[in-house]
1. Counting other beta carbons within 10 Å of each Cβ, put 250, 292 in order, fewest first.
2. Step by step: find N for segment 93-149, compute 2.2 N^0.38 Å, then divide the Cα radius of gyration by it. What's the final number?
3. Within a 10 angstrom radius of the beta carbon, how do 180, 86 rank from fewest other beta carbons to most?
4. Compute the orientation-averaged projected area for segment 224-265 from the convex hull of its Cα atoms and round it to one decimal in nm².
5. Counting C-alpha atoms alone, how compact is segment 144-293: give Rg to one decimal and Dmax as a whole number, in angstrom.
6. Beyond 30 Å, what share of the Cα-Cα pairs of segment 53-211 is found? Please give it as a whole percent.
7. Could you order peptides 89-101, 217-229 by the average number of other Cβ atoms within 10 Å of their residues, highest first?
8. Of the beta bridges DSSP finds with both residues in segment 216-288, what % are antiparallel, to the nearest 5?
C-alpha cells in the first residue's frame, strides 16, 4: 500500500513538473512571437512606409530644378505653367524647368501653398513623403516635413485628390480621399491611415496654422489699385514697387481668387492698361505703368 502511494506521489510530482515547464515553454514561445511581430512591424514601417524626399527625387528620370528656402520667410516659386508655390522656411521643392508629357509633377519636402494653373489635360501632382496630391487647377497647402509623424493637406479652393504612394500602399488601405474647399486631411505615416477633416475650424492645430494667403479675399469691387497690391503683399509676403503717383486714381473690379500669383498680376496689369507690365525677381515685384485707362 505504501509502495502504491509512493508511485502515485511520484507520478503527480512528474505531471506537475512537466506542466510547469510546458507552461513556461508556451509563455516563452508567446513572448518570442510577440517580439518577432513587433520587430517585423517596426522594420516594415521603417522600410516600407517611409519615403524620403531624396528617394522620390532619385526615382525620377527627369532633369529637375531644386529651390531651397533657407531664409526665415516664405519664398515665391513660379513654375513654367504659371503655377506658383509659396515655399515656407526649411522647405525645398524640385520641379522640371519645363513641364512635358501628360502630367505636371513636383516634389516637396517641408511646406508649401500651391496655386495651380488650370489645365484639365495635364493634372498637377505633388509628391510629398508617402502621399501624392493630384489636382487640375486649385489652391491648397501641403505640409510634409521629413521628421514629422504626419502629412497635412488643406484645400482653399477647387477639388483635390490625395492618395498614398503605390510604393508603400497595401490592398487593405483606403487608396484615395477627395477634399473640397475648407476641408483637410491628416495622413499618419506610421500606419498609412487617412484622417479627413471636413471642418478645419474644429481642428485647433489646423485652424491656428492657417496663413494670410488662406484667409484673405481676392474679390475686389471698385477697389483702389494700391489696396489690391497691399492685399497681395500681405498674402504672399512680397514687396511690390509701383508708380504710386500714376496709379493713385486707379480703381479695379476684378476676381483674382483661385489664380496663381503670376496670373493675378497679369489680370491687374491688363485691367490697368497703358502697357502696364510686371517683373518678378524672387519676392520682389516691379510694376511699370503710365497710369490707368
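1. 292, 250
2. Ratio of Cα Rg to 2.2 N^0.38 Å: 1.11.
3. Values: 180 12, 86 26.
Placing the least packed residue first, the sequence is 180, 86.
4. The number I arrive at for segment 224-265 is 3.0 nm².
5. Reported Rg and Dmax, both Å: 20.0, 64.
6. Tail of P(r) above 30 Å: 8 percent of Cα pairs.
7. 89-101, 217-229
8. 75
Read-outs throughout are calculated quantities, based only on the coordinates presented, and are distinct from any laboratory measurement. If you're wondering where the values come from, they're calculated on a predicted model, not measured in any experiment. Positions of Cβ are backbone-derived with ideal geometry, glycine not excepted, and every protein chain shown enters the neighbour counts.
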